[in-house]
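Readers should treat all values here as calculations from the given coordinates under stated rules, not as data from a laboratory. None of these values were measured; they are calculated from a predicted model. Neighbour counts run over all protein chains shown; Cβ positions are idealised from the backbone, glycine included.
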Amino acid sequence: MKNKKRIFRWVKIIIILYSLGGIALYYLQEKILFRPTKLDADYPWQFSQPFTEANIAFDEKTNFNIVQFTVPDSLRKGIVLYFHGNRENIHHYAQFAENFTRNQYEVWMPDYPGFGKSSGELSEKILYEEALQVYKLARKKYAPSQIIIYGKSLGSGIAAELAAIRDCKRLILETPYYSIPSLINRFCGIYPLSLLIHYSLPVYEYLPKVTAPISLIHGNQDWTIPFSHAERLKNILKPGDELIRVEGGAHNNLNEFHLFHQKLDSLLRN
């Protein structure tokens, strides 16, 4: 009898802990997935290279703030729409703009709602809508053959979705994931993630719909988004697309590798 009571007590504890974990995953996933640094709307951006700033007022509560790193008109070959990762704001990613401007590409970096000077509520739908609005603004100056769509980490799903519905010169994804549920599954596989996770960002669904050339760049020592995600995506790429494996590369240090710059420069010069 005592053994039965003890077993029943442990079963209750396990059920309670499991339920609490599921509740936390459901309600705190934005805090887990996104780590934004918010700035006042009048915050003066300061960067070491020339830039302008644009805002897209989407609705009463939502404003998309974009920093546009410029190159001289006489040298400009096109534009890179750069969708960044899940951390901080444009300040953190501005250091990478030079990878493109030195190759004569203007770079537009939008902040997601709640990041930097962008306002509004985060959702998967609004992330896609922001990307589309940025693309439409770019189309006022550039033809699709001049537009490169670039997604880094979290931005991979946003960039892939945009390239699936709009024409561009090339889609480049740095450290991409297969989907958000598949990424979370290795930590929370005991939960019905399809019911709990608000964000899917299924890169694997979008890539087959992209008609432009696709390049995936991923380090084989990435423990945040394992290289296996890129390998799975490679299996659904069309002929001519590529996966660039950066030997020894981790999640946040690909910019330190010669191969990364060599391949990126080659893509931008074509």
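Odds and ends about this structure:
- Proximal aspartates and glutamates to LYS38, defined as alpha-carbon separation beneath 12 angstrom and excluding residues fewer than eight positions away on the same chain: GLU88, ASP111
- Global form of the stretch 43-169, assessed from the alpha-carbon gyration tensor, a/c cut-off 1.5: oblate
- Flagged links, alpha-carbon separation over 22 Å, of LYS140/LYS209; LYS77/LYS125; LYS77/LYS234; LYS117/LYS263; LYS77/LYS263: LYS140/LYS209; LYS77/LYS125; LYS77/LYS234; LYS117/LYS263
- Shape call, the stretch 33-79: gyration tensor on alpha carbons, a/c limit 1.5: prolate
- Of the residues ALA143, SER48, TYR177, the one whose Cα sits farthest toward the positive end of the charge dipole of the stretch 43-269, with +1 on the Cβ of Lys and Arg and -1 on the Cβ of Asp and Glu, is ALA143.
- Over the stretch 86-183, Cα pairs under 8 Å with separation of 6+ residues give a relative contact order of 20 percent.
- Prolate/oblate/rounded label for the stretch 53-92 (Cα gyration tensor, a/c 1.5): oblate
- Low-density loop positions, trypsin sites (Lys or Arg not before Pro), the stretch 113-185 - DSSP coil, at most 11 other Cβ in 10 Å: LYS140
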